[in-house]
Each structure stands twice: as structure tokens, then as C-alpha cells.
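Derivation of every value follows stated rules applied to the coordinates shown; laboratory data play no part. Here the structure is a predicted model, which is why all the values come from computation and not from measurement. Please note: Cβ atoms are built from the backbone with ideal geometry, for glycine as well, and neighbour counts cover all protein chains shown.
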Amino acid sequence: MSSALKILNVAKCVKTLCSSVSNKFLSSSLLNRMQSQQQQNVLTALSALNTRTFHSTSPRQDLMEFFDDPKNWSENEVKVGRAWKLEELRIKSNKELHQLWYILLKERNMLLTMEHECNDKMELFPSPERLDKVKISMGNLETVVRERNKAYHLLETGITGERPTRMVHNPLGLRHLYRSCEHVLPPHMNVKWIKSRDIGFGGRAVRKFLLLYREKLYNIKRKAKNRSRNEVMMLLRRNPNIDVQVLRSKYPNVDIDKLLRDDKTRGHFVPKVGV
Amino acid sequence: MSTRWYPIYQRGNPQLRIFLPNFWMKLIRPAEEQPKNVATFSVSMQMTKYDIKNYLEKIYKLPVVDVRTRIEMGKTKRDQTFGYVTKEDDVKIAYVTLLKTEEFTFPDLFSKKEEQKKAEEKSLDDSKQGFKRFLDRNKKRPGTPGWYSI
């Protein structure tokens, strides 16, 4: 959150900077227009805040918050809106996003409680898509917060500030993306971890496994390649006047020139001679 | 947590604040009879007792006195045809003691549903009866539309 607050400060700085720059370079009429627009934006945002309340029901400060509205208990379908979109969340302030997160969290807890009880009582959970909508909203909110964090970090430090990752080999010799995390012990003191690294992947069995595994991966790649080549072949055969450039852009991995020379791309019709 | 990873515990203050917690809590029907001020929750596996206490106090503004947790092992099941064993996920169950003055009994969510079901069945039976009557009437004149006679 400290970073989020910093973002606010940065935003303010940028705003003052912009205004100072614009004072120098922009004509006064344009400036006026911009300012009036800004005011309008602020006004609309405020009105939206006043009119649109997040929570449709009055907040209850007890355990009944874990349950849906009693009106919906016996319903077979509960009508709800859609999930929050990215562009809607991008224009919200950090504070609003923070509030919305907790609203979504409570909503998810409520839905999970209802779902659990419905499953226990062998009843159908009405409108289960509500859970997906909450999940999508939360994902989008997280994306927006992440974007802001990243922008702030890039502005201040030049790096994204994301969780550091690196490619490492696992005991079977397969490479995977390792996402670094905090540890209680430094690596040279962590005897258990050091011992776990003693298991190499130079053995016969592992080598055989890797060979077969790579063969499998290669086969998948090969089959995909063949499939796309056959697709192009059939397209060329059935549509003699097809736009080759479009095909080239759609299937960049297929050698279309070679296919055009091939007999297989010719259709089952008698070619017109002397026309 | 949400975009970040769960930080390891560090002694001393200030403790690390979590701003977008991703924990979930389900209020579940207690298997055994409990005192009236005890609520049973199924919670995220990585939640500690302190997490549960803070979660309820800060987000739901509930007066929590005590939290006890246990981990319930998921049931194993053997597949009938192929014989392999599957296991459901373990769940963490939390017993949260509220203030003595608080009273909570798990509500019956489907009391109205029974009546609704009966009403629906009745209407379905009625329509079935009506259709049967219509068929009986048209036995000797097949293909006659419904509006032909009263």
C-alpha cells in the first residue's frame, strides 16, 4: 500500500509538472479547455461516487453477512450484473479499489458459504456463475493494481518490481520457471536444501526418460507442423484462386512456394488449356 | 497473497500488512452441537489462528474471543471399475468463539423451498390432467385443434 500511496504522490507530481510545462508552451485557450474538462471529469466522478453505491443491501454487522439475502434463499435463479471490466477499474482511485476488493471478498465468502450449504442439503446452487464473475472481477482488480505498481517501480527504480523469476533445472533435468521467494535461512546454511541438490540428473534412467520426453515434445511439434501444412494444402487444392499472401501471413511456418510446386495442391478438375 | 506471495514471519513491529488478502472463509453448519456463541468455519488452508481472528475482526467487525483450528483429512475413495484411489482435499476447520452475549444458530435456508416444490408439482399435475382431458375428448376426432370446441 505504501507503494500505492507513492503512486498517488507521483501522480500529483506529474500533474504539477504537466501544468507547469503546459503554462509555458500551450496557448491559453487550450489550457482553459483542458482545465474545464478536468473539472468536468472530477464532477462526474464525484456524482458517480454519490449515486452508485457498491453494496446493494444495507451492511449487517454480524454472521448473517455470510449468507445471501433471505429473499434469494428459495430462488432458483438470482439475477446479477456482470463482472468489473479492466477499463472500469483503471479509472478508480487506489482507495476505491481497496474498498472494492473487500466487497468482492465478502461476496465470494457469501457465495462459497451458500454453495457449501446447498451441496450439503442436496440442493441446486442458484446462479453459480456469480462465483465466476467475482473471480473475474478480482483478477481484473489485481491486474490494475499490478499495472500501477509496475508503472511506479519503473518510474522510480527502472525495474518492474515484480516477483523475480529464473529458469532452473529440477532433479529430473527439466527446466522450469522458478519464482523466487523469501527463506528463513540463507542458502549456504540450509543443509536440507543443499542435500536435496545432491541428487543429480546424470543417471541412466533419467537420461532415458529425458530422451523419451524430448521425443514426445518433438512429436507434438512435428504433428502440429504437418497439420498446418495439410491445412494449407487442402485450402490450395479447393480454392485455386486463393490469396497466397493471406495464407503466408496466416501460416508463417509453412513453405507455401514448395507446396505450390507440389502436385498435391492441384484440384480434381481438368485445367483450362488455351484460354 | 493475491499478486504477491505469502511473506515469512518476521519478529518485531511493525508487522507486515496485507492489503489485498486472498483468503476465503466459509461459514458451515456444525457437525456436532456447539454453544450458541461458537461458529464453525471452513477456511483457507494457509490461514493461521491469528489470521482468522484478524480477518473476522477487521473485515467483518466481529468480536472474536477465541479461535481453535483443526485440519480435516479429505476422504479417500476407491474407483469401482478401475480400482485406483482418489482423495479429496484436506480442509481447515476453525471454531470461532464470539462474545458470550452473541447468539448464532445456523439458519434453515430451504424451509420455503419445500412449499415451492409442492406448489410446482401441483401445477405440473394440473397441466398433466388438463392435457389428459383434452386427449380423452379428442379420442374420436383425432387432429382437431384445441380451439375447435369448448
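Points to keep in mind about this one:
- Across the options A:217, A:244, A:205, the greatest Cα extent toward the positive end of the charge dipole of the range A:204-265 (unit charges at beta carbon of Lys, Arg, Asp, Glu) belongs to A:205.
- Per-residue Cβ neighbour rank within 10 angstrom, fewest leading, A:122, B:73, B:25: A:122, B:73, B:25
- Nearby lysines by direct alpha-carbon distance to residue B:75 (threshold 17 angstrom, same-chain neighbours under 8 apart not counted): B:87, B:92
- Cut-off under 5 Å, modelled amide H: who pairs with residue A:78 long-range: A:127
- The value given for the range B:1-107 is a Kirkwood hydrodynamic radius of 16.0 Å, derived from the mean inverse Cα-Cα separation.
- Ranked by how many other Cβ atoms sit within 10 Å of their own Cβ, fewest first, the residues A:116, A:183 fall in the order A:183, A:116.
- Order of B:44, A:93, A:196 under a 10 Å beta carbon neighbour criterion, fewest first: A:196, A:93, B:44
- Number of partner chain Cβ atoms within 10 Å, mean per residue of B:13-26: 4
- Between the residues B:94, B:104, B:149, the greatest Cα displacement towards the positive end of the dipole of the range B:84-150, with unit charges on the Cβ of Lys, Arg, Asp and Glu, is found for B:149.
- Each distinct pair of alpha carbons in the range B:1-63 adds a 1/r term; the inverse of their mean, the Kirkwood radius, is 13.6 Å.
- Percent of alpha-carbon pairs separated by more than 23 Å within the range A:121-275: 72 percent
- Distance between the pseudo-spin-label points of residue B:149 and residue A:179 (7 Å out from Cα toward the beta carbon): 7.4 nm.
- In terms of overall dimensions, the range A:108-212 has a Cα radius of gyration and Dmax of 22.5, 55 angstrom.
- Averaging 1/r over each pair of different alpha-carbon atoms in the range A:111-167 and inverting the result gives 14.3 Å, the Kirkwood hydrodynamic radius.
- Peptide A:105-117 - average C-beta neighbours from other chains (10 Å radius): 5
- Pair residue B:141, residue B:36: separation of 7 Å Cα→Cβ label points (nm): 6.9 nm
- With the cut-off at under 14 Å, measuring from each backbone N in the range A:99-140 to a point 7 Å along the Cα-to-Cβ line of residue B:45 picks out no residue.
- Gyration tensor (Cα) of the range A:204-265, equivalent ellipsoid semi-axes in angstrom: 34, 10, 8
- Net length gained if the chain between residue A:211 and residue A:260 were fully extended (0.36 nm per residue, minus Cα distance): 14.0 nm
- Within straight-line cross-link reach of residue A:250, lysines at Cα separation under 17 Å, skipping those fewer than 8 residues along the same chain: A:225, A:258
- Whole-Hz couplings from phi, Karplus 6.51/-1.76/1.60, listed for the range A:182-189; x for Gly and Pro: 6, 10, 6, 9, x, x, 6, 9
- For residue B:122, neighbours were defined as the other residues whose beta-carbon sits under 14 Å from its Cβ, and their charges (Lys and Arg +1, Asp and Glu -1) total -3.
- As a length-normalised measure over Cα pairs under 8 Å and 6 or more apart, the relative contact order of chain B settles at 20 percent.
- Of all aspartates and glutamates in the structure, those lying under 14 Å Cα to Cα from residue B:77, and not within fewer than 8 positions of it along the same chain, are B:88, B:89, B:90.
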